[in-house]
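The values are calculated or read from the model by the stated rules, or taken from the named source; none is laboratory data. What you are looking at is a predicted structure, and each value in this text was computed from that prediction instead of being measured. Positions of Cβ are generated from backbone atoms using ideal geometry, with glycine treated the same way; all protein chains shown enter the neighbour counts. Each accessible area value is taken on the protein alone, full model and side chains, heavy atoms only, with ligands, DNA and RNA left out. Shrake-Rupley method; radii C 1.70, N 1.55, O 1.52, S 1.80 Å.
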Amino acid sequence: MSMKNSADAYGLVTRANHWISGLLFIGLIALGIYMAGLPKSPGKFELYDIHKALGVILLGLVVIRLIWLKVSPNPAVIASKRSEEVLAHIVRGFLYLGLILMPLSGWMMSNAGGHEVSVFGWFIMPQIVPENETIGGIAKAVHAIAGQFILPAAILLHIAGAWKHHFVYKDATLTRMLGRKAPQE
């Protein structure tokens, strides 16, 4: 199996980054929604620390993904209609935006609230905004709206599109991201 993408298949690096990022992203959204409903307690703050550390790791994976796209471009989108190809690019754009916006807004929210962002005690992220209630409020609103509404919708559309290609069109869209051969026609 090739590390790099080809014209018709995703390589190992892209597939691993996709699945690790996707699962981490969904887990972070679920954890964030769960934490928001908890009363203030030491346990809640421990979950926040884990959430922030995993968010930084996700941001690092996104940076790697974007660099890798320049080294090894993705195969072309398989689309039955031009409108589906456009929709796939729009959904992918929202996913990339979310993969960048969510960790950055969380980082800004922490800094603006006077909190550092530690990655499991290995290192502390630099402060990117000053302690400021207004900046914190804006970052919190962006984080909440994107994480609770926009990105779950984009994730569901992404999954629905993959399933439609797999079960209705029976093409290689999903199987090439799984690293398997396309289903037989």
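Here are the numbers for the structure shown:
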{"read-out": "Residue within segment 155-168 that is in a helix (DSSP H, G or I), open to solvent by less than 60 Å² (accessible area, probe 1.4 Å) and under 20 Å from P103 (Cα atoms) present", "value": "yes"}
{"read-out": "Members of segment 135-164 found to be farther than 26 Å from E46 by Cβ, without any contact (Cβ under 8 Å) to a residue 60 or more places away in the chain and of a type outside the set (V, I, T), listed by number", "value": "F149, A153, L156, A160, A162, W163, K164"}
{"read-out": "Those residues of segment 96-142 which are among the hydroxyl-bearing types (S, T, Y) and either under 22 Å from the mean Cα position of the chain (by Cα) or at pLDDT below 95 (or both), in sequence order", "value": "Y96, S105, S110, S118"}
{"read-out": "Residue pairs meeting the criteria (Cβ under 7 Å; at least 6 apart or on separate chains; first open to solvent by less than 40 Å² (accessible area, probe 1.4 Å), in segment 90-107; second not in a helix (DSSP H, G or I))", "value": "W107/V117; W107/M125; W107/I128"}
{"read-out": "Some residue of segment 126-134 being surrounded by 16 or more Cβ atoms within 10 Å (Cβ to Cβ) and touching a residue at least 60 places away in the same chain (Cβ under 8 Å)", "value": "no"}
{"read-out": "Subset of segment 4-35 that is among the aliphatic types (A, V, I, L, M), open to solvent by 70 Å² or more (accessible area, probe 1.4 Å) and touching a residue at least 24 places away in the same chain (Cβ under 8 Å) - its residue that is nearest to I159 (Cα to Cα)", "value": "I26"}
{"read-out": "Within segment 67-85, considering residues that are touching a residue at least 12 places away in the same chain (Cβ under 8 Å) and part of a helix (DSSP H, G or I), the one least open to solvent (accessible area, probe 1.4 Å)", "value": "E84"}
